[in-house]
1. Looking for whichever is buried (at least 22 other Cβ atoms within 10 Å of the Cβ), at pLDDT below 85 and among the basic types (K, R) here; the options are R346, R355. Which one fits?
2. Name the single residue, out of those in segment 155-186 being aromatic (F, W, Y) and part of a helix (DSSP H, G or I), that is surrounded by the most Cβ atoms within 10 Å (Cβ to Cβ).
3. V339 versus (1) of a type in the set (V, I, T); (2) within 20 Å of L245 (Cβ to Cβ); (3) touching a residue at least 60 places away in the same chain (Cβ under 8 Å): which is the lone unmet condition?
4. Identify the residue in segment 184-213 that is modelled with pLDDT under 80 and out of contact with any Lys or Arg (no Cβ under 9 Å at 6 or more places or on another chain) and, among all such residues, is nearest to A44 (Cα to Cα).
5. Please give the number of the condition F360 fails out of (1) closer than 23 Å to A159 by Cα; (2) surrounded by fewer than 20 Cβ atoms within 10 Å (Cβ to Cβ).
6. Would you please name the residue that is nearest to F247 (Cα to Cα), looking only at residues in segment 281-334 that are over 19 Å from the mean Cα position of the chain (by Cα) and among the polar types (S, T, N, Q)?
7. Would you say D5 is of a type in the set (D, E), modelled with pLDDT under 75 and surrounded by fewer than 23 Cβ atoms within 10 Å (Cβ to Cβ)?
Amino acid sequence: MRLLDRRTPDTGQAGPSPLRLNRDFLLLWTGAGMSLLGLRASTAAYPLLMLWYGDSPTGAGMVGFAALLPQLVVQLHAGALVDRWDRRRLLICCDITGLLAMGAVVVMLAAGRLWLPGLMVAAFVDGAVGLFQRLAERAAVAHVVPPSQLSQALGQNEARGQAAGLLGQPAGSGLFTLGPWVPFGFAAVSHLLALGTVLFIRKDLQGERSAPARKLRSEVVEGLRWVRRQRFMRAAVGLIAGSNLLFQILVLTLALTVKEHDGSALTVGLIGLVAGLGGVAGALAGARAAGRLRPFSVLAGSLGVWTVLMVPVPFTSDPWALGVLLAGMSFAGALMNVVAGVYQVRVTPDALQGRVTSVFALLGSGMGSAGALVGGLLLSAVGTYPTALGIAAAMALLALAAAVAPALRDDAAEAPATRL
């Protein structure tokens, strides 16, 4: 009872209960985490399936492209629908759809068939499901936690995302060694478990919607116009878009490097495990950094760190060295995601949360889809070493652009408006 009736030292008013006692936040956090873990495992298994069983780097790139394509073609409309529809029902529908998509892959592979178009369709559907879930959860968090705990909640969400990557990569590759269909069966079960948690959330996950529904296109345009007025974030997300394209190419490059030098799919998972530890640490650090560091400092610093850590990648095939380098990159990326996420949620009106998040995700993460396709073509054409060199050089150019961009430096100088 003392934890539930805690008093703040200077006002005597009851303070908020810790997040670990917030039932609805825990249900939302757990359900989304399980779905994300399944998605990470299946995403890790797609390129392994095409490289080990299909012997096709191009096919691996095409499946990765399909999995990330929703971020390009569905993103903006998904944001508008998240702001329009009941978010709890949307999360339920997402888990049911993901369960059906992954079940179809299990049936196909268990029957001994490897049909690239079918894999691409399933990857697209599950990618779209994950996109809707991320948008809906990000918009819903502020409705299940008090404002004073928003930074902590978003930090825990980012840490959970990093942990899902930490566990999902080795889970996907490890389960893959048991059978090509097993990672996708795991993803199907994760959707089923997540469905059970969402059904027990009590609180509404959105505010009152007093304005009448308009054409979907008009609502999408409203979100785009709001973002266009945010000078700092508009410039920052362009740089992040470029870095995400490069990271997607890097993921395929490392998988092919391991295949050429080690030959074990499990090694890819171990590299992801080491990298995920860095991501979890970065997310936890980001929860503390939000409110202390300016977005410009975090963005410019992350691009600089990524450049420094990408330079050695072309010159080593040692799994532990690659894992440590990726861990450093993941730390910087996770810290930046938390700082940027808190800033965006705080400055965005609730009725626009889904659309604004979708715009930033389209410009930022959407380039990952193009990166998967470009990566597959580059690796088939020139191989791993030239591709890795090109990635490092391109990241250096992005870091330089961040250091000299007037929009970033001007907004960073404005206080306190652009402070988190």
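1. Exactly one of R346, R355 is buried (at least 22 other Cβ atoms within 10 Å of the Cβ), at pLDDT below 85 and among the basic types (K, R), namely R355.
2. F184
3. (2)
4. Among them, the one singled out is G207.
5. Among (1) closer than 23 Å to A159 by Cα; (2) surrounded by fewer than 20 Cβ atoms within 10 Å (Cβ to Cβ), the lone unmet condition for F360 is (2).
6. Only one residue fits best here, namely T307.
7. So D5 fits the description; yes.
For (1) touching a Pro at 6+ places or on another chain (Cβ under 6 Å); (2) modelled with pLDDT under 80; (3) of a type in the set (D, E, K, R), each residue gets a yes or a no:
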position: D262; (1), (2), (3): no, yes, yes
position: A289; (1), (2), (3): no, yes, no
position: F331; (1), (2), (3): no, no, no
position: A334; (1), (2), (3): no, no, no
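The values are calculated or read from the model by the stated rules, or taken from the named source; none is laboratory data. Computed from a prediction, not measured in an experiment: that's the story for all the values here. Neighbour counts run over all protein chains shown; Cβ positions are idealised from the backbone, glycine included.
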